[in-house]
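One structure is given below, encoded as structure tokens.
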Amino acid sequence: MSILVQQPWIAVLVPATLAFVIALGGRRAVPLTRWLALVGPLTVLATGVAGLAGAGSDPAIVSVSWLAQGARSIAVGASVDALAAVMLTVVGVVSAMVVLFSVGYMAEDPAQARYFALVSVFSAAMTGLVISTTLVGLFAAWELVGACSYLLIGFWYRKPAAANAAMKAFIVTRIGDVGFLLGIALLWANAGTADIATVNTAVGTLPVAVATLAALMLFAGAAGKSAQFPLHIWLPEAMEGPTPVSALIHAATMVAAGVFLVARMWPVFAASEIALQVMLWVGLITALGAAMAAIAQRDIKRVLAYSTISQLGFMFVALGAGQWQIAIFHLVTHAAFKALLFLGSGSVIHSAGTQDLHEMGGLGRVMPVTMVTWVLGAGALAGIPPLAGFFSKDGIIHAAWVASPVAGAVLVLASLMTAFYITRATLLAFAGDFRGQGHPHESPWTMTLPLMVLAAGAVGLGFAGGSLAELLGGHGALEPVVAIVSALVALTGVAVGWSFYRRGPSADTVLETRLGAVYPTAANAFGVDALLTRLFVRPARSFAEKVYDAIDRRLIDGAVNGVGKLAVGAGRLAAGLQTGQIDLAAAMVGAGIVFLTALVIGWGGR
């Protein structure tokens with residue numbers, strides 16, 4: 001497999017080519033092409049595994065000139081170093097499991113060819129993002145994964161909610177990407193190149209103010225893609241897309257791209273204490289606020305969406321605390337257990353026919369595989385030892401506590417809430433009696449097998465923390481006191497959740513009564529979306545409507561319509577001269593001859 005590391009573009013070209021094949025095959029070829037879609041992620045996975053096997057040696061760099069102007073040129077390159085190998089393994093495993101799951105989940109959808117083609121394009125784009133050695137290539141792939149996200153969120157585009165969610169995700173993430181692009185321009189202008197390794201080396205020679213501004217601009221892009229406050233508002237809406245898409249893009253891969261970006265450009269961020277502090281506190285606000293919002297959601301996918309936002313906040317806290325290796329460790333474990341939970345929710349939705357937790361219940365008896373794997377993923381998310389989330393989250397809490405005791409305390413509280421809300425979702429979905437319609441049943445093997453594979457990761461990946469940290473140049477030792485506190489907090493959250501929700505959905509009413517106005521406020525995500533709409537969206541829309549009315553409708557349309565009206569008027573005037581009378585026509589011809597003769601004589605006299 002060394003050829004995959006020496007020529008990493010293969011991992012991009014294979015899924016990209018398959019996307020064209022699947023699209024050209026259309027609906028009739030879907031029984032074959034949906035299985036063919038597995039080849040792309042498996043190629044990405046093989047590249048990641050080959051990269052891990054060769055970690056420690058200098059990776060091969062393949063670079064080509066893309067645009068040239070005189071003596072200057074813009075190059076794009078690819079390489080599989082240790083960080084890229086870890087990310088490729090994550091992307092490959094999750095993508096393969098999502099494609100396999102989708103074979104069952106999307107079996108009745110008439111647009112499967114479009115779906116599997118888009119998933120293949122996304123795999124290619126995400127791979128390109130990870131292996132890029134230049135900021136230009138990284139940004140191009142970054143935008144392409146955003147376009148795939150837009151197309152897959154709005155996959156069922158005939159639903160207004162899906163179309164609006166796709167547009168919202170695209171616009172909000174573009175806001176952050178403007179900062180990212182400006183950051184690239186600033187670094188390029190000061191370092192004289194867009195090569196990532198060269199920029200990271202040259203950052204030590206830059207003024208602190210320049211490094212700080214560049215880091216904050218890059219963080220704007222990372223915050224948009226990874227749904228950090230206040231640019232987090234798009235992710236809950238993204239749940240309008242197919243559930244496997246949520247598992248792939250909005251839980252494990254694309255939303256983690258912001259964390260990957262910071263790790264890739266770490267010297268730029270490490271050069272600015274201000275940028276680190278901004279990341280730390282934005283991550284804290286996001287982690288705590290999203291955890292509170294998740295408690296009050298009835299839609300099972302929205303619970304997981306706010307959970308994802310919160311866990312990404314944990315990762316940014318680790319980055320802000322200066323521990324990027326720990327952030328990547330949590331990215332890896334989170335990819336396993338959150339993709340598992342999203343696919344588990346898809347299995348539940350596929351069976352129960354609803355996303356409302358109040359209309360579920362009792363599913364554990366008829367969906368044993370889904371229930372067991374879900375519980376393992378939920379335990380990993382809660383931080384129950386010895387599951388994967390315990391090890392990675394413990395490292396983040398320790399890093400935060402060292403950086404700031406306040407930050408550590410906030411993350412402990414967010415961890416307590418995490419254990420509580422995932423226990424709530426588990427009990428409402430799987431315990432008690434079925435409260436919905438229809439006849440729930442276990443999902444087919446194409447859907448349960450991916451759950452079992454990801455469950456294995458949710459159980460065992462925590463023990464790989466030390467090896468992963470060493471691979472990335474850090475250390476993965478647990479702090480005993482923090483580990484004990486973290487475990488006790490997780491178990492407390494589970495116990496409190498159990499005591500509340502063993503009675504079923506009525507516990508929501510009890511909790512709402514006890515929390516008062518806090519509950520609906522949290523359910524509405526503290527009104528951040530509404531506030532941003534009031535402050536920015538409505539004024540921008542009003543301004544756009546006024547500009548449209550004044551310039552487009554009145555000036556441009558008025559000018560175009562005026563020309564048309566002038567032509568119509570002239571035509572009507574000329575038509576009035578066509579009376580059909582021969583004597584009048586002869587007189588007009590004579591007058592014309594006289595006029596032209598006079599014009600020729602007058603012009604010739606000059």
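Could you check region 386-403 and list, in sequence order, the residues that are over 16 Å from Gly320 (Cα atoms), open to solvent by 10 Å² or more (accessible area, probe 1.4 Å) and touching a Phe, Trp or Tyr at 6+ places or on another chain (Cβ under 8 Å)?
Pro386, Leu387, Phe391
Quick test for you: out of Val563, Val485, Val568, Val537, pick the one residue that is open to solvent by 60 Å² or more (accessible area, probe 1.4 Å), in contact (Cβ under 8 Å) with a residue 60 or more places away in the chain and over 24 Å from Ala296 (Cα atoms).
One residue alone meets the criteria, Val485.
Can you tell me how many residues in region 115-135 are among the hydroxyl-bearing types (Ser, Thr, Tyr) and touching a Phe, Trp or Tyr at 6+ places or on another chain (Cβ under 7 Å)? Give the derivation first.
Step one: filter region 115-135 for residues among the hydroxyl-bearing types (Ser, Thr, Tyr), giving 115, 120, 123, 127, 132-134.
Now restrict to residues that are touching a Phe, Trp or Tyr at 6+ places or on another chain (Cβ under 7 Å): 115.
Qualifying residue count for the region: 1.
So which residues in region 111-158 are under 12 Å from Glu240 (Cα atoms) and either in a helix (DSSP H, G or I) or in contact with a helix residue (DSSP H, G or I) (Cβ under 7 Å, 6 or more places away or on another chain) (or both), if there are any at all?
Residues satisfying the conditions are Ser149, Tyr150, Leu151, Leu152, Ile153, Gly154, Phe155, Trp156, Tyr157.
I'd like to know if region 431-440 contains one or more residues that are closer than 25 Å to Leu491 by Cβ, of a type in the set (Lys, Arg) and touching a residue at least 12 places away in the same chain (Cβ under 8 Å). If you could, list the steps in order and put the result at the bottom.
Of all residues in region 431-440, those closer than 25 Å to Leu491 by Cβ come to 431-432.
Restricting the remaining residues to those that are of a type in the set (Lys, Arg) gives none.
No, region 431-440 has no match at all.
Picking from Thr418, Thr373, Thr423, which residue would you name as being more than 19 Å from Leu488 (Cβ to Cβ) and hydroxyl-bearing (Ser, Thr, Tyr)?
Thr373
Is there any pair linking a residue in region 352-376 that is among the acidic types (Asp, Glu) to one that is in a loop (DSSP other than H, G, I, E, B) and open to solvent by 60 Å² or more (accessible area, probe 1.4 Å), with Cβ under 7 Å and at least six apart or on different chains, and which?
Asp356/Arg298; Glu359/Arg435
Name the residue, out of Ala197, Ala189, Ala140, Ala166, that is over 24 Å from Val86 (Cβ atoms), open to solvent by 10 Å² or more (accessible area, probe 1.4 Å), hydrophobic (A, V, I, L, M, F, W, C) and modelled with pLDDT under 95.
The match here is Ala189.
Please go through region 6-17 and give me each residue that is surrounded by 24 or more Cβ atoms within 10 Å (Cβ to Cβ) and of a type in the set (A, V, I, L, M, F, W, C), ordered by number.
The answer is Ala11, Val12.
Which one is modelled with the lowest pLDDT, of the residues in region 402-436 that are in contact with a Gly (Cβ under 8 Å, 6 or more places away or on another chain) and not in a helix (DSSP H, G or I)?
Once the filter is applied, the top-ranked residue is Gly436.
For Ala409, state whether it is within 30 Å of Val278 (Cβ to Cβ), open to solvent by 10 Å² or more (accessible area, probe 1.4 Å) and among the aliphatic types (A, V, I, L, M).
yes
Just to be sure I understand, how many residues within region 71-108 are open to solvent by 10 Å² or more (accessible area, probe 1.4 Å), over 25 Å from Ala469 (Cβ atoms) and small (Gly, Ala, Ser)?
The qualifying residues number 5.
Filter region 488-506 for residues that are in contact (Cβ under 8 Å) with a residue 12 or more places away in the chain and under 13 Å from Leu428 (Cβ atoms) and give the result.
Correct list: Gly497, Trp498, Phe500, Tyr501, Arg502, Gly504, Pro505.
Give me a count of the residues in region 57-70 that are under 22 Å from Glu470 (Cβ atoms) and free of Cβ contacts under 8 Å to residues at least 24 places away in the same chain.
So the answer is 2.
Give the residues of region 441-457 that are assigned to a helix (DSSP H, G or I), open to solvent by less than 50 Å² (accessible area, probe 1.4 Å) and either without any contact (Cβ under 8 Å) to a residue 40 or more places away in the chain or within 13 Å of Leu343 (Cα to Cα) (or both), sorted by residue number.
Within region 441-457, the first condition is being assigned to a helix (DSSP H, G or I), and the residues that meet it are 445-457.
When the remaining residues are screened for being open to solvent by less than 50 Å² (accessible area, probe 1.4 Å), the result is 446-448, 450-451, 454-455, 457.
Listed by number, the residues that qualify are Thr446, Met447, Thr448, Pro450, Leu451, Leu454, Ala455.
The values are calculated or read from the model by the stated rules, or taken from the named source; none is laboratory data. Nothing here was measured: the structure is a model prediction, and the numbers come from that model. Quick reminder, even Gly has a Cβ in these numbers, built from the backbone with ideal geometry, and neighbours come from all protein chains shown. Each accessible area value is taken on the protein alone, full model and side chains, heavy atoms only, with ligands, DNA and RNA left out. Shrake-Rupley method; radii C 1.70, N 1.55, O 1.52, S 1.80 Å.
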